Ligand code: HAM
């Protein structure tokens, strides 16, 4: 028998309803903030992620589903949405026509990580990218928008951490200070961090082993006056509107960030970020466009759902059509369509089964009523409507059935 691929999932109801609910909350809030939907392709040039997500990141080094297609093109199934958004922004020439753009996207991302609770190889991200606004107000706006979505959905147990990674002026100094400090500890670093030290020393702070060890001891970022003023203003705008904590150890695992970065974290497991993002003021330029500031985030839908927990989503009431005789099938079928047209959830149509089999299915569906049509009913142009809870029955004419059931369910 065919088997599911490890790290991938089938998601049935009622679990799948959580996703719809979260997506609906997000769409409502995105609309309030003036964000418009961008539907991105799932496959991009591999190069796009190597250059933007970052050559030294875990995502590109170990987790990306990259392949060569029949035309010898080097492609990748998207591990994240931001590079695709920037590519689309540049390729469609928004730079010239309308450089300030607020996009959102909802889609599945793919990373070959080790599967565990809250970490999947295919997962859904709901993301937002605000391109063309360098003001701290944009940072505060996207963070509060994220909070509004999570709150609307009903997830409560999370903390918000923010930090500033500075800019091309102040970060290199910090990078060097970090290299100087960590070089003295080189022999004690884990295998991964030994490599990070050379290529991406900030990532050591993010390491589950070494990051914890150096907490409080590592040099902290000294922001240049412009970056400090920006970060202060972001905090001022957020104060009183959201609880947050400045965490100097928050560095994020992607290469394109500058200035403000943030995470919404739930619980204390390693895969605890339910959503994360930050500024990427140099990415548009690095990808061949003019210098254009930008900020955004993405939430992991599965993790937001996990952090809230399932809530009971009431199954809509329905009616179930039973035909007792081959001669009644067509009338039953036509009535089913009429009842649906009246806006009532309608099931049935298992007309090859005997009555017992059909009634059993009505039960399995959790239908509130069975609509039964036999030859007597057909002759009188009426149906028997049976309340499946009480067993009470009544006759209703074909013509009035849609309206009558609409009143009942
Ligand atoms: P990221 O931190 O790589 O950032 O992912 C964002 C969120 O996606 C994470 O906080 C997490 O909730 C979810 N996520 C990531 N990997 C998995 C996984 N394997 N299973 C389940 N959920 C996962 C980005 O992707 C950036 N593009 C965010 C961004 C947008 N920054 C600026 N704009």
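The values are calculated or read from the model by the stated rules, or taken from the named source; none is laboratory data. Remember, predicted model here, so these are calculated numbers, not experimental data. Cβ sites come from the backbone with ideal geometry, for glycine too, and all protein chains shown count toward neighbours.
For the stretch 251-265, filtering for residues that are more than 9 Å from the ligand (Cβ to nearest atom) and either modelled with pLDDT of 95 or more or closer than 17 Å to residue 146 by Cα (or both) leaves 4. More than 16 Å from the ligand (Cβ to nearest atom) and part of a helix (DSSP H, G or I): does that describe residue 370? No; evaluated as a whole, the condition is false for this residue. Inside the stretch 204-243, residues that are within 16 Å of the ligand (Cβ to nearest atom), in contact (Cβ under 8 Å) with a residue 60 or more places away in the chain and surrounded by 13 or more Cβ atoms within 10 Å (Cβ to Cβ) make up a count of 1.
Take residue 29 and tell me if it is modelled with pLDDT of 95 or more, within 23 Å of residue 144 (Cα to Cα), buried (at least 17 other Cβ atoms within 10 Å of the Cβ) and touching a helix residue (DSSP H, G or I) at 6+ places or on another chain (Cβ under 9 Å). Answer is yes for this residue. Annotation: residue 179 fulfils all but one of (1) assigned by TED's automatic domain parsing to the domain that holds residue 42; (2) in contact with a helix residue (DSSP H, G or I) (Cβ under 8 Å, 6 or more places away or on another chain); the unmet one is (1).
Each residue in the stretch 283-327 was checked for being crowded, with 22+ Cβ neighbours inside 10 Å and away from the ligand (no atom under 16 Å from the Cβ), and 5 pass. Scanning the stretch 266-282 for residues that are more than 21 Å from residue 213 (Cα to Cα), within 8 Å of the ligand (Cβ to nearest atom) and either in a loop (DSSP other than H, G, I, E, B) or not assigned by TED's automatic domain parsing to the domain that holds residue 49 (or both) returns a single hit, 280. For the stretch 126-134, the count of residues that are outside any strand (DSSP E or B), near the ligand (Cβ under 9 Å from one of its atoms), touching a helix residue (DSSP H, G or I) at 6+ places or on another chain (Cβ under 7 Å) and in contact (Cβ under 8 Å) with a residue 24 or more places away in the chain is zero. The condition of being in contact with a helix residue (DSSP H, G or I) (Cβ under 8 Å, 6 or more places away or on another chain) and within 12 Å of the ligand (Cβ to nearest atom) does not hold for residue 140. Taken over the stretch 272-282, the criterion of being surrounded by 24 or more Cβ atoms within 10 Å (Cβ to Cβ) and within 16 Å of residue 130 (Cβ to Cβ) is satisfied by 275, 277, 278, 279, 280.
When every residue of the stretch 74-91 is checked against the conditions, none turns out to be more than 24 Å from the chain's Cα centre (by Cα), assigned to a loop (DSSP other than H, G, I, E, B), away from the ligand (no atom under 12 Å from the Cβ) and over 30 Å from residue 193 (Cα atoms).
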